[in-house]
Amino acid sequence: MTTYEAVIGLETHIQLNTNTKIFCSCKADSWGAEANSNVCPVCTGLPGVLPVFNAAVAEKGVILAHAMHADVQNVSIFDRKNYFYPDLPKGYQISQFFKPIALGGYLDVPIPAEGDNEAYSRKVGINRLHLEEDAGKSKHAYGKMQVDFNRCGVPLVEMVTEPDIRTAKEASQYLTRLRQLLRWLGISEADMEKGHLRCDANVSIREKGSNVLNTKTEIKNVNSIAAVEEAIVKEIARQIKLAEKGEEVRPWTLEWDDDAGELRKMRSKETAADYRYFQEPDLLEVKLSDKEIANMLKDFPEMPLERCQRFEAEYELPTYDAEVLTADRVLSEYFETAIKAYGGDAKKVSNWVMNDISRMMNDEGISAEQLKLTPQGLADMLKMLDEKKINQSTAKSVLRKVQESGKTPEQVVKEEGLGLVSDDSAIRTVCEKLIADNPKEVESYRAGKDSLIGWFVGQVMREMRGKADPGVAREVLQELLQG
Ligand SMILES: [Zn+2]
């Protein structure tokens with residue numbers, strides 16, 4: 001029996017988080033705004049107005065291209081992509097076709113182990129990145145078509161991969177990594193549900209080991225990473241079934257229906273020639289000198305994968321910790337600043353960040369930027385723990401109190417009197433009273449029931465509202481009980 005493999009390429013549309021649209025001064029993001037409330041003559045294509053290119057779009061495009069190891073072009077050109085659709089008032093979309101802003105590149109995508117399959121890395125080649133404007137949105141309601149032009153002119157980067165992806169899992173991992181990277185670079189919110197990151201998948205199959213490229217289909221309208229994976233799984237299965245019956249795969253465009261969890265045929269696929277591309281006469285070439293490109297990249301950050309590997313090596317963290325800490329750039333920087341300020345065991349800092357601090361962020365619905373406990377504050381708190389000035393459970397409550405009040409951990413501990421009492425005499429007084437009040441327990445302990453010591457320590461802790469150093473309490477109790 002023939003074994004098949006899939007050949008998958010992804011086209012992603014990434015909404016850049018600039019303040020204004022690509023060719024006019026309307027706000028770029030109008031998520032949730034009233035329909036047609038964020039438009040002007042330029043983005044709705046009224047006659048007699050001229051587009052002006054927003055330089056911030058080029059800068060963010062260059063940053064993304066650099067992250068993908070792509071070759072940024074010194075000259076790129078805008079073209080008109082002509083087609084008729086109600087959500088496109090100009091009758092054409094301004095895009096880059098003949099000379100895009102960047103060519104080539106790749107993204108290394110780690111694929112985690114699953115079942116019997118070991119973890120591996122897939123290098124996904126990038127064909128090109130180009131800049132373009134978004135179109136509007138249309139929907140059918142009450143027997144009529146309604147259009148909303150708010151999205152017209154929203155800046156996008158379209159990024160097209162080489163057909164290097166072999167499984168649905170690889171496709172979803174590629175998108176997961178890409179989304180992480182976009183947020184890491186701060187160039188897009190990359191929220192698929194809001195349409196900030198959209199993905200079309202080209203899928204074909206071939207006999208395993210051959211290198212022919214067979215007829216492909218294109219899957220559109222998928223709005224979550226899980227749905228991309230599911231849609232590709234189903235499309236591969238459909239094509240294999242056709243091949244096994246000796247039938248041909250037709251070059252269809254398929255639409256993903258998320259509610260039904262199935263693919264539907266939208267139309268037969270257009271070819272590039274249908275769009276009659278030609279250079280946009282109202283815009284100049286985008287010229288970027290090497291110096292300008294270098295300047296755009298002067299604050300380019302360390303990439304998540306590199307940082308993850310460095311955390312493992314430099315701080316001797318388990319891979320799992322390094323991955324969790326570098327899933328978010330701000331969190332990874334938080335960790336690193338804290339460990340430098342603390343100077344002690346990195347695993348201890350990692351545990352606090354991954355457990356209690358992350359849990360609090362989840363509970364309160366806040367991001368790492370909104371943490372009131374500074375990395376220095378965390379370091380100070382860990383030092384108080386090491387020096388037995390507070391205990392573990394106090395530290396956990398201090399964390400929440402710092403978040404509520406904005407005070408430092410020291411202030412909270414001092415003002416609320418949460419410091420541990422390691423002063424022998426205070427503990428001794430409580431222990432003496434406890435022994436006097438509980439003659440029966442004292443008798444049992446002295447008769448050999450050693451385990452009762454735990455009960456005594458617990459009583460002291462309760463009496464002192466958790467602030468006694470349990471080690472000191474145990475020593476004092478043992479001494480008094482022996483006598
Ligand atoms: Zn506008």
Placing +1 on each Lys and Arg Cβ and -1 on each Asp and Glu Cβ in region 92-230, then taking the dipole about the Cα centre, the residue among Y142, S188, I101 whose Cα reaches farthest towards the positive end is Y142
Taking Cα centroids, how far is region 55-122 from region 178-229 in Å? 12
Angle between the Cα long axis of helix 452-463 and the longest principal axis of the chain, 0 to 90 degrees, nearest 10? 70
For the chain, the longest principal axis of the Cα atoms and the Cα long axis of helix 304-315 enclose an angle in degrees, to the nearest 10, of 30
Would you mind checking K137/K220; K60/K137; K383/K467 for any pair whose Cα atoms are more than 20 angstrom apart? K60/K137
Of N355, G419, G343, which is farthest towards the positive pole of the chain's charge dipole, taken about the Cα centre with +1 and -1 on the beta-carbons of Lys, Arg and Asp, Glu respectively? N355
Which ³J(HN,Hα) values in Hz, rounded to whole numbers, follow from the phi angles of region 65-72 under the Karplus curve 6.51 cos²θ - 1.76 cosθ + 1.60, where θ = phi - 60° and Gly and Pro get x? 4, 5, 5, 8, 6, 8, 9, 6
Let me check against my output: what whole-number percent is the relative contact order of the chain, with C-alpha pairs under 8 Å and at least 6 apart? 13
Run the dipole for the chain about the Cα centre, Lys and Arg Cβ at +1, Asp and Glu Cβ at -1, nothing else charged, and hand back the magnitude in debye, nearest 20. 780
For the cross-link pairs K99/K194; K27/K216; K194/K348; K21/K291, which exceed 27 Å when the distance is taken from alpha carbon to alpha carbon? K99/K194; K27/K216; K194/K348
For the chain, the charge dipole (Cβ of Lys, Arg +1; Cβ of Asp, Glu -1; about the Cα centre) points to a positive end, and the Cα of L213, Q403, A260 closest to that extreme belongs to A260
Length-normalised contact order for region 424-482 - Cα pairs under 8 Å, 6+ apart - percent: 49
How tilted is helix 392-405 with respect to the longest principal axis of the chain? Cα atoms for both, answer in degrees (0 to 90, nearest 10). 50
Whole-number percent relative contact order across region 109-251, with pairs defined as alpha carbons under 8 Å at least 6 apart: 17
The answer for trypsin sites (Lys or Arg not before Pro) in region 209-248 that fall in a DSSP coil and have at most 16 neighbouring Cβ atoms within 10 Å is K245
GluC sites (Glu not before Pro) within region 379-473: DSSP coil, no more than 15 neighbouring Cβ in 10 Å: E387, E416
With +1 on each Lys and Arg Cβ and -1 on each Asp and Glu Cβ, how big is the dipole of region 312-415 about its Cα centre, in debye rounded to the nearest 20? 520
Checked the chain with the C-alpha gyration tensor, a ≥ b ≥ c its square-rooted eigenvalues, rounded below a/c of 1.5, otherwise prolate if a/b is larger than b/c and oblate if not; verdict prolate
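No lab work stands behind these numbers, since they all come straight from the coordinates. These numbers were taken from a predicted model, which means no experiment stands behind them. Positions of Cβ are generated from backbone atoms using ideal geometry, with glycine treated the same way; all protein chains shown enter the neighbour counts.
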